[in-house]
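Here the structure comes first, spelled out in structure tokens, and everything after it is commentary.
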Amino acid sequence: MLSKIFGIALVILAIFSICGAVPGIVNIESVSGSSAIIYVPDDYTKIQWAVDNATSGDTIIVRNGTYHENVDVSVAHLTIQSENGTANCVVNAANSNDHVFNVTADWVNITGFTVENATGLFVRGMYLDTVSHCNISSNNATNNYYGIYLFGSTNTTLTNNTASNNEYGIYLYHSTNNSLSNNTANSNMGDGIVLWSSSDNTLVSNSASNNTEYGVYLMDSTNTTLTNNTASNNKYGIVMSSSSNNNTLTHNTVSNNGDGIYLYSSSNNIIYNNYFNNTNNAHDDGFNTWNTTKQAGANIIGGSWLGGNYWSDYAGSDTNGDGLGDTEIPYNSTGNITNGGDYLPLVSYIDVMRSLPNTVQRGETFNVTVTFTSPADKFNAIGLIDLAPDGWNVTVDAAWCTPNADEVLATGNRAEIAWFGEPGVGFDNGTLFDVLYKVTVPDDTPVGIYTFNGFLEYYLAAGGPYYESITGDFEAEVIPATLEGHVSFYRAEDPGEPTWVTPLVVSFFDNATKLEMDWSPINVTTDAYGNFTIENIEFGTYDVGVKNWTSLSKMTYREDFTASNITNIDFGMLTEGDTDNDDQIKLADFNRILNNFGAKPGDAGWDPNYDFDRSGKVDLVDFNLVLNKFGQKGNLYYYLP
């Protein structure tokens with residue numbers, strides 16, 4: 001049985017001590033003469049039993065372990081705390097259809113517990129029922145229907161709690177004048193933080209991210225202040241509906257949600273100095289104020305003036321350099337803000353510039369550089385993430401960056417580079433960051449234009465994270481190779497005359513396999529000097545052959561074709577004498593020349609393919625060309641199977 005030591009009890013204790021017996025005394029520490037410290041399980045095996053035997057002002061310390069209980073707290077001015085924090089002290093609902101902690105008394109403090117498995121419909125992990133001046137801190141409410149729930153409660157503080165992986169994270173219903181700070185309500189199946197018919201509350205530095213529906217939801221809730229909260233990766237970031245009027249939102253980060261901030265049937269709210277970067281940034285069918293008057297002060301993206309909000313899709317510009325938009329105002333989220341809008345949108349002046357080659361080739365490794373400068377509200381921590389085209393490979397090294405990066409990671413086409421400033425100091429205004437990483441183009445990359453895409457994630461002294469897209473170069477073209485070829489002909493006229501304009505067939509063979517490429521051969525026509533150009537050649541090393549109908553083919557070997565380079569090949573003089581394009585000079589060719597000797601255009605025996613020197617007549621020159629080269633074959637004749 002638990003006994004307490006008060007005033008005269010000290011005398012009784014002395015008397016029993018003299019007699020050698022102290023009946024009914026257990027391990028209770030006296031506190032200020034009127035309160036006790038009770039240990040679980042030392043003094044009582046269950047937390048509930050300790051509560052039942054406590055009186056106002058007592059402290060219950062729960063040692064490490066998992067306790068299967070549903071604890072009803074009806075003692076005012078009671079503190080219940082774990083000895084070593086949430087990782088070591090778990091209260092698991094003995095009955096999943098009952099609250100884990102049900103608080104019905106004022107001035108109760110509960111801290112340091114993991115509270116779980118109150119999964120029944122509308123059941124709470126921590127339930128504060130019409131109480132005031134309670135303090136719920138550093139708890140982890142997980143796998144409950146509601147994580148932490150205040151009903152009809154006032155002047156209560158929720159601090160440093162985690163309410164994640166529940167149906168709903170933190171929920172206030174008909175509750176006023178409460179303070180929520182530094183809580184995390186992430187990854188809940190429904191909403192992160194909900195205020196329903198709850199007014200005059202304050203939310204500061206809470207995180208409500210990765211929830212299936214709403215990050216922060218105010219319904220019929222007024223006169224609430226939201227400052228420095230983060231709502232990211234939800235379906236909706238912040239929602240105010242059903243006459244949620246006269247609320248103030250400043251310095252909140254709302255990013256990567258489907259809808260950033262959504263106001264429905266709610267008016268007279270003041271919304272400024274927030275960061276919005278979402279698929280749809282804003283919706284508002286009421287009458288709300290989206291900026292304050294211009295005034296000096298550090299804004300959420302590091303600028304020197306307070307005004308409106310940062311909008312990722314603001315398309316206007318800052319014409320006077322004060323960091324506030326001057327054109328295309330008011331910003332109205334493409335008409336989704338029905339009345340008015342933001343007349344002083346914040347404009348980022350953190351320019352994150354990428355530089356890369358405009359053209360690259362297969363197999364090439366090239367450098368990419370990204371530069372940016374720390375703003376006036378200096379960087380505390382920075383993460384650069386840049387994506388090369390799919391299938392390309394990046395390489396990073398901390399030493400390639402100025403200042404040296406603290407952490408680098410290369411995963412396929414993804415480069416991640418981070419700097420962590422000295423706590424409380426960060427990086428001075430004007431610090432230049434010069435980043436280099438390397439990209440390798442795969443050997444089998446098709447010709448085309450490829451896109452880079454990245455962003456800077458950063459924290460300022462004022463908070464974060466904030467995001468800035470990388471601008472500058474964002475495309476690299478894998479361009480085809482070019483052949484600049486030249487041939488000479490045995491002609492009656494000099495180069496420059498029309499008789500030198502000659503059709504050719506150019507063939508390309510893989511040097512390693514000796515197989516003809518599927519895009520070969522290519523038909524071209526020379527100019528009057530024997531020159532020709534072939535563009536859009538796939539990269540590779542080829543054996544190349546040229547042939548005109550009347551000439552023997554001629555080849556060159558191991559010719560390299562690479563992007564942004566021109567491969568020049570002079571095939572030299574082509575051997576004439578092939579009358580039937582079979583790449584050999586044989587008896588049939590000799591007989592054709594002999595049988596048509598002296599023929600001219602218009603004669604019955606005229607064939608221009610027998611006039612090798614393009615003189616306009618089959619004559620002795622043509623006869624001698626066949627006679628002198630009789631029996632020869634072209635290079636392709638031997639190359640082709």
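The values are calculated or read from the model by the stated rules, or taken from the named source; none is laboratory data. Computed from a predicted model, the values in this text were never measured in an experiment. As a convention, Cβ positions derive from the backbone with ideal geometry for all residues, glycine included, and neighbour counts pool all protein chains shown. Ligands, DNA and RNA are excluded from the accessible area calculation, which covers all protein heavy atoms including side chains. Shrake-Rupley method; radii C 1.70, N 1.55, O 1.52, S 1.80 Å.
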Discussion item. Any residue at all in region 236-254 that's under 18 Å from the mean Cα position of the chain (by Cα) and in contact (Cβ under 8 Å) with a residue 60 or more places away in the chain?
Written reply: yes
Discussion item. Of the conditions (1) at pLDDT 95 or above; (2) part of a strand (DSSP E or B); (3) open to solvent by 40 Å² or more (accessible area, probe 1.4 Å), VAL368 satisfies every one except a single condition; which number is it?
Written reply: (3)
Worksheet item: Cβ-Cβ below 6 Å, separation at least six or inter-chain, first residue in region 200-213 and at positive phi and open to solvent by 10 Å² or more (accessible area, probe 1.4 Å), second of a type in the set (Gly, Ala, Ser) and outside any loop (DSSP other than H, G, I, E, B): which pairs?
Response: SER205/SER181
Worksheet item: Quick one: which strands (runs of 3 or more DSSP E) sit completely within region 104-159 and have at least 3 residues that are open to solvent by less than 10 Å² (accessible area, probe 1.4 Å) and modelled with pLDDT of 95 or more?
Response: 124-129, 146-151
Worksheet item: Can you pull out the residues in region 556-576 that are open to solvent by 20 Å² or more (accessible area, probe 1.4 Å) and either of a type in the set (Asp, Glu) or part of a loop (DSSP other than H, G, I, E, B) (or both)?
Response: GLU559, ASP560, THR562, SER564, ASN565, ASP570, THR575
Worksheet item: Considering region 39-53 alone, what residues qualify as being in contact with a strand residue (DSSP E or B) (Cβ under 8 Å, 6 or more places away or on another chain) and farther than 23 Å from ASN95 by Cα?
Response: TYR39
Worksheet item: In this structure, does SER221 turn out to be modelled with pLDDT of 95 or more, under 20 Å from SER179 (Cα atoms) and not charged (D, E, K, R)?
Response: yes
Practice prompt. Please determine, by comparing only the residues of region 255-270 that are farther than 14 Å from VAL216 by Cβ and under 26 Å from the mean Cα position of the chain (by Cα), which one is surrounded by the most Cβ atoms within 10 Å (Cβ to Cβ).
Written response: ASN256
Response to the item:
Selection over region 599-615 where residues are open to solvent by 30 Å² or more (accessible area, probe 1.4 Å) and assigned to a loop (DSSP other than H, G, I, E, B) yields a count of 9
Worksheet item: Counting only residues that are under 26 Å from ILE382 (Cβ atoms) and more than 20 Å from the chain's Cα centre (by Cα), which one in region 434-457 is least open to solvent (accessible area, probe 1.4 Å)?
Response: THR440
Item to complete: Return the pairs, sorted by first residue and then second, in which the second residue is among the aliphatic types (A, V, I, L, M) and not in a helix (DSSP H, G or I), the first residue lies in region 617-641 and is touching a residue at least 40 places away in the same chain (Cβ under 8 Å) and open to solvent by 60 Å² or more (accessible area, probe 1.4 Å), the beta carbons are less than 6 Å apart, and the residues are 6+ apart or on different chains.
Response: LYS629/ILE585; PHE630/ILE585; GLN632/ILE585
Worksheet item: Which residue pairs have Cβ atoms closer than 8 Å, lie 6 or more positions apart in sequence or on different chains, and pair a first residue in region 87-110 that is at positive phi with a second residue that is open to solvent by less than 60 Å² (accessible area, probe 1.4 Å) and of a type in the set (Ser, Thr, Tyr)?
Response: TRP107/SER132
Worksheet item: Which members of region 481-495 meet the condition of being hydroxyl-bearing (Ser, Thr, Tyr), surrounded by 17 or more Cβ atoms within 10 Å (Cβ to Cβ) and part of a strand (DSSP E or B)?
Response: THR482
Practice prompt. Please specify each residue of region 347-358 satisfying the condition of being outside any loop (DSSP other than H, G, I, E, B) and open to solvent by less than 50 Å² (accessible area, probe 1.4 Å).
Written response: ARG354
Worksheet item: Within the set of pairs 6+ apart or on separate chains, which have a first residue in region 472-486 that is without any contact (Cβ under 8 Å) to a residue 60 or more places away in the chain and within 10 Å of THR359 (Cα to Cα), a second that is open to solvent by 50 Å² or more (accessible area, probe 1.4 Å) and acidic (Asp, Glu), and C-beta atoms under 8 Å apart?
Response: none
Worksheet entry | Verdict on PHE474 being within 30 Å of GLY412 (Cβ to Cβ) and crowded, with 20+ Cβ neighbours inside 10 Å | no
Discussion item. Cβ-Cβ distance below 7 Å, separation of 6 or more or different chains: which pairs start in region 344-361 with a residue that is closer than 23 Å to SER317 by Cβ and end on one that is open to solvent by 60 Å² or more (accessible area, probe 1.4 Å) and modelled with pLDDT of 90 or more?
Written reply: LEU344/LYS294; PRO345/ILE329
Fill in: Within region 271-285, considering residues that are open to solvent by 40 Å² or more (accessible area, probe 1.4 Å) and not in a strand (DSSP E or B), the one farthest from ASN229 (Cα to Cα)
ASP285
Discussion item. Going by what's in this entry, would THR66 be described as closer than 17 Å to GLU116 by Cα, surrounded by fewer than 16 Cβ atoms within 10 Å (Cβ to Cβ) and among the polar types (S, T, N, Q)?
Written reply: yes
Worksheet entry | Pick from region 165-199, criterion surrounded by fewer than 23 Cβ atoms within 10 Å (Cβ to Cβ), among the small types (Gly, Ala, Ser) and out of contact with any Asp or Glu (no Cβ under 6 Å at 6 or more places or on another chain), ranking: farthest from VAL100 (Cα to Cα) | SER199
Practice prompt. Give the residues of region 398-427 that are out of contact with any Pro (no Cβ under 9 Å at 6 or more places or on another chain), open to solvent by less than 60 Å² (accessible area, probe 1.4 Å) and part of a loop (DSSP other than H, G, I, E, B), sorted by residue number.
Written response: CYS401, PRO403, ALA405, GLY412, GLY421, VAL425, GLY426
Worksheet item: Got a sec? Which of SER553, SER520 is surrounded by 14 or more Cβ atoms within 10 Å (Cβ to Cβ) and over 19 Å from VAL447 (Cα atoms)?
Response: SER553
Discussion item. I'm trying to understand the selection: among the residues of region 523-540, which are part of a strand (DSSP E or B), surrounded by 15 or more Cβ atoms within 10 Å (Cβ to Cβ) and under 44 Å from the mean Cα position of the chain (by Cα)?
Written reply: ILE534, ILE537, GLY540
Response to the item:
Within region 286-302, of all residues that are open to solvent by 10 Å² or more (accessible area, probe 1.4 Å) and small (Gly, Ala, Ser), the one nearest to PRO375 (Cα to Cα) is ALA298
